[in-house]
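Written out below as structure tokens is the structure these notes cover.
The values are calculated or read from the model by the stated rules, or taken from the named source; none is laboratory data. Keep in mind the model is a prediction, meaning the values are calculated, not measured. A quick note on method: Cβ atoms are made from the backbone with ideal geometry, for glycine too, and the neighbour counts reach across all protein chains shown.
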Ligand SMILES: Nc1ncnc2c1ncn2[C@@H]1O[C@H](COP(=O)(O)OP(=O)(O)OP(=O)(O)O)[C@@H](O)[C@H]1O
Ligand SMILES: [Mg+2]
């Protein structure tokens with residue numbers, strides 16, 4: 001069974017319909033890339049999955065649990081949402097690291113705060129915290145940042161910041177990790193190091209949804225590619241087929257325009 | 001004579017300092033409340049707060065002092081507030097409004113992304129406020145706050161218009177009693193020393209927050 005099932009998600013801002021009936025599913029350990037022109041609704045879709053926006057309709061199911069149901073009018077309580085959104089992680093285009101904390105503290109902070117709710121926190125505080133730190137160090141090492149742990153974000157390059165942000169999202173072990181154009185804010189020479197760690201995550205069977213404008217990357221890393229246009233999924237399927245050999249005219253136009261620009 | 005004057009000015013300085021410290025003590029929390037009001041999503045509240053802040057910032061503090069001191073008596077026939085308390089009330093309201101604008105600017109300068117990053121990491125609103133945004137806001141508002149607080153030191157001299165005996169009043173009285181004007185100018189030394197200390201303290205605070213950048 002799919003770990004994530006998205007069905008008939010709609011979202012409108014005032015009068016503009018930004019998402020119009022989005023449905024797709026994702027198997028555990030698989031990667032889906034989402035491509036599409038500016039304004040097609042890619043960011044909005046990720047924000048809906050992470051409960052930063054509330055869809056107007058549709059359902060979101062993770063591991064069999066319905067996290068969101070547009071037909072169920074009962075208001076979503078803040079506490080419930082906090083629990084539900086932990087199924088997802090989100091890596092932002094602009095990193096959004098916390099500037100007053102070191103790389104290590106950025107990765108540890110949320111987990112520490114969550115640990116405070118554990119009944120045995122008071123008793124085993126020392127041990128719990130050292131475990132959290134240990135995990136954070138491992139994650140940063142995995143991101144190739146073993147000698148950057150005590151640096152503040154302003155002391156890091158964009159590529160390093162984004163890798164800290166990835167470690168920070170991974171620290172909460174989300175079921176599904178979402179990326180919103182993770183390399184769009186980076187100089188071309190820094191893009192590669194971020195794409196590399198994402199590829200490594202894919203090789204380790206991390207379930208991911210990646211919105212990107214890097215077509216070659218989208219094709220190579222993903223098990224499935226979704227092309228969005230004007231709030232619809234126009235085409236989805238095998239990465240090589242969608243990107244090298246699209247069926248739909250709209251996809252072809254988008255990719256052709258894209259080739260010209262690059 | 002010099003010692004008589006110095007002693008008298010020191011006595012005035014004590015009143016000045018009390019007014020200064022008490023104003024800060026009350027105006028900072030009140031300013032925070034006012035800034036939340038001015039950012040409220042409830043439009044009528046926001047409107048009322050904005051008009052209030054506009055009136056307070058748009059009229060001289062000296063008039064506000066007189067209104068607080070004489071107003072209740074003239075309007076409702078109430079007894080006058082004790083002089084010092086009247087001054088304090090006027091100062092707290094006035095400075096709370098100025099501070100509220102600084103706080104609002106500081107809070108609104110934090111990018112949405114900081115809140116959203118906290119949210120997707122499962123933090124509560126208060127955790128985001130205390131663990132993520134507060135220190136960034138403080139860092140941003142230290143320079144404008146230090147300006148405003150140094151202005152407050154000098155504004156306390158307005159208290160003499162309803163005969164609260166702060167330092168300028170104490171300097172001025174020697175003109176009448178002894179026909180000398182230098183004590184009035186001598187008060188500047190006290191202001192300079194006091195503001196010098198404040199400037200150093202704010203400098204230290206800024207330095208302490210220098211380890212990160214927002
Ligand atoms: N909060 C909002 N209020 C109103 N309109 C919005 C809001 N957020 C997004 N939109 C609109 O929704 C549409 C889709 O935006 P979205 O950011 O999801 O596109 P995108 O596919 O991520 O584009 P890009 O490639 O430029 O990042 C745009 O037309 C945008 O103007
Ligand atoms: Mg986007």
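Number of residues in the range A:202-237 that are outside any loop (DSSP other than H, G, I, E, B), away from ligand 1 (no atom under 16 Å from the Cβ) and surrounded by 20 or more Cβ atoms within 10 Å (Cβ to Cβ): the value is 2. Residue under question is residue A:32, and the condition is that it be assigned by TED's automatic domain parsing to the domain that holds residue A:135, within 30 Å of residue A:216 (Cα to Cα) and in contact (Cβ under 8 Å) with a residue 60 or more places away in the chain; does it hold? Answer is no for this residue.
On the basis of being within 14 Å of chain B (Cβ to nearest Cβ), at pLDDT 95 or above, assigned to a strand (DSSP E or B) and within 16 Å of ligand 1 (Cβ to nearest atom), does residue A:90 make the cut? Taking the combined requirement at face value, the residue satisfies it.
On the stretch given as the range A:146-159, residues that are assigned to a loop (DSSP other than H, G, I, E, B) and within 14 Å of another protein chain (Cβ to nearest Cβ) total 4. Checked against (1) away from every other protein chain (no Cβ under 12 Å); (2) under 15 Å from the mean Cα position of the chain (by Cα), residue A:46 passes all but a single condition, namely (1).
Would a scan of the range A:238-245 turn up a residue that is within 14 Å of another protein chain (Cβ to nearest Cβ), touching a strand residue (DSSP E or B) at 6+ places or on another chain (Cβ under 8 Å), away from ligand 1 (no atom under 16 Å from the Cβ) and part of a helix (DSSP H, G or I)? Taking every residue of the range A:238-245 in turn, none turns out to be within 14 Å of another protein chain (Cβ to nearest Cβ), touching a strand residue (DSSP E or B) at 6+ places or on another chain (Cβ under 8 Å), away from ligand 1 (no atom under 16 Å from the Cβ) and part of a helix (DSSP H, G or I).
Rundown of residues vs (1) more than 16 Å from ligand 1 (Cβ to nearest atom); (2) in a loop (DSSP other than H, G, I, E, B); (3) buried (at least 17 other Cβ atoms within 10 Å of the Cβ), yes/no style:
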| site | (1), (2), (3) |
| --- | --- |
| A:123 | yes, no, no |
| A:131 | yes, no, no |
| A:138 | yes, no, no |
| A:141 | yes, no, no |
| A:161 | yes, no, yes |
| A:166 | yes, no, yes |
| A:182 | no, yes, yes |
| A:189 | yes, no, no |
| A:196 | yes, no, no |
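Summed over the range B:117-147, residues that are in a helix (DSSP H, G or I) and more than 27 Å from the chain's Cα centre (by Cα) total 7.
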